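Structure record follows, encoded as structure tokens.
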Amino acid sequence: MDNREEVREFLTSRRAKINPEQAGLPFGSRRRVPGLRRSEVAALADMSVEYYAKLERGSLAGVSPAVLEAVARALQLDDAERAHLLHLAQAADGSDALTRPRRRASRQWTPHRSLQWTLEAITAGPAFVRNGRMDILAANQLARAFYSDVYASPGNQANLARFNFLDPASHRFYPDWDQAADIAVAILRTEAGRNPHDKDLHDLVGELSTRSDEFRTRWGAHNVRHHGTGTKRFHHAAVGELTLAFEGLDMAAEPGLTLTIYTAEPGSPSEEGLRLLASWAATQEADTATEPSSAG
């Protein structure tokens, strides 16, 4: 797959983020570009300007790990950005074939019974499995209740990115909506570098870029990140404000999938909120189960 445009835009965007002072260089008054010049990055990476320019034009095929490390160091890339650059280089020369997640369409993949049992065994917090496109593939009862807004609209297709950018309900659900939007795009951008051959991902990005200015602007920033742990705020329609910690765990048995578990601080109002949510979820599912018989 030809990913030269992706490489070019990523390296250009990272170069634009660093000013000379951050790089330990003198700041001149006549600068026509934001951030560093190509010549300055080349000097910091100890390579010729011509060679760095070739890299920034998107030619990463066959580039050695030492050169990639030099570029990463010169551009002051963080761990997520370094990994993204490596994935772009692997995709450029085809060496990502063995590490690429197996292609999996969310609508065709069914979780093993043991996985669903594991999810349901987690009763104190929402637990769910997602792929790099942010499709929710499996969830426990509390996660289904937690993401009731996501499931409420068939148009979301149980996809957290679609919900974030195309469903007005997301602005209530995420009190820190801009932060949630930034994270969603960074996850998708990271997946695009890690798995550039995913047609479903390309289709999703195209859909969101067409329908959401907020998404399109963020996508153009080329920001990536690791999203393994942290704290987020939510506002659930049934139980109100929740501040939850989360852990994201890569699934060894299912490459490319992530198990995420949300928990509340013991003794906090949010822990009580999750208890209320669990009670609400049990009532909702019980009502759903009795609907056919009551109709009859």
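The values are calculated or read from the model by the stated rules, or taken from the named source; none is laboratory data. Everything quoted here is computed from the prediction, not taken from an experiment. Because the Cβ atoms are built from the backbone with ideal geometry, glycine has one as well, and the counts that use them run over all protein chains shown. Areas reflect the complete protein model, heavy atoms only, side chains present, ligands, DNA and RNA absent. Shrake-Rupley method; radii C 1.70, N 1.55, O 1.52, S 1.80 Å.
Data for the structure
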{"quantity": "Verdict on residue 82 being without any contact (Cβ under 8 Å) to a residue 24 or more places away in the chain, within 14 Å of residue 14 (Cβ to Cβ) and open to solvent by 30 Å² or more (accessible area, probe 1.4 Å)", "calculated": "yes"}
{"quantity": "Residue match in the stretch 66-84 (condition: small (Gly, Ala, Ser) and on the phi > 0 side of the Ramachandran plot)", "calculated": "no"}
{"quantity": "Looking only at the stretch 1-20, and only at residues there that are open to solvent by 50 Å² or more (accessible area, probe 1.4 Å) and charged (D, E, K, R), the one that is modelled with the lowest pLDDT", "calculated": "2"}
{"quantity": "Pair list, Cβ < 7 Å and 6+ apart or interchain, from the stretch 250-269 residues that are charged (D, E, K, R) to residues that are in a strand (DSSP E or B)", "calculated": "250/258"}
{"quantity": "Candidate set from the stretch 115-137 (those that are small (Gly, Ala, Ser) and closer than 30 Å to residue 193 by Cα); member that is farthest from the chain's Cα centre (by Cα)", "calculated": "127"}
{"quantity": "Flag if residue 160 is free of Cβ contacts under 8 Å to residues at least 40 places away in the same chain and either hydrophobic (A, V, I, L, M, F, W, C) or in contact with a strand residue (DSSP E or B) (Cβ under 9 Å, 6 or more places away or on another chain) (or both)", "calculated": "yes"}
{"quantity": "Subset of the stretch 90-100 (residues that are at pLDDT 75 or above and farther than 15 Å from residue 190 by Cβ)", "calculated": "92, 93, 94"}
{"quantity": "The stretch 124-140 - residue that is touching a residue at least 24 places away in the same chain (Cβ under 8 Å) and hydrophobic (A, V, I, L, M, F, W, C) and, of those, surrounded by the fewest Cβ atoms within 10 Å (Cβ to Cβ)", "calculated": "124"}
{"quantity": "Residue within the stretch 268-287 that is under 14 Å from residue 148 (Cα atoms), at pLDDT below 95, surrounded by fewer than 19 Cβ atoms within 10 Å (Cβ to Cβ) and acidic (Asp, Glu) present", "calculated": "yes"}
{"quantity": "Any hit, the stretch 27-48, residues being part of a helix (DSSP H, G or I), among the hydrophobic types (A, V, I, L, M, F, W, C), over 26 Å from residue 190 (Cα atoms) and open to solvent by 70 Å² or more (accessible area, probe 1.4 Å)", "calculated": "yes"}
{"quantity": "Selection from the stretch 141-168 of residues that are open to solvent by 30 Å² or more (accessible area, probe 1.4 Å) and not in a helix (DSSP H, G or I)", "calculated": "153, 157, 168"}
{"quantity": "Residues (within 12 Å of residue 75 (Cα to Cα) and either in contact with a His (Cβ under 7 Å, 6 or more places away or on another chain) or not basic (Lys, Arg) (or both)) located in the stretch 25-50", "calculated": "35, 36, 40, 41, 42, 43, 44, 45"}
{"quantity": "Among residues of the stretch 66-79, those that are open to solvent by 70 Å² or more (accessible area, probe 1.4 Å), closer than 13 Å to residue 45 by Cα and not in a loop (DSSP other than H, G, I, E, B), counted", "calculated": "3"}
{"quantity": "Residue in the stretch 228-235 that is touching a helix residue (DSSP H, G or I) at 6+ places or on another chain (Cβ under 7 Å) and at negative phi present", "calculated": "yes"}
{"quantity": "Every residue from the stretch 51-65 that is outside any helix (DSSP H, G or I), among the small types (Gly, Ala, Ser) and surrounded by fewer than 17 Cβ atoms within 10 Å (Cβ to Cβ)", "calculated": "59, 61, 62, 64"}
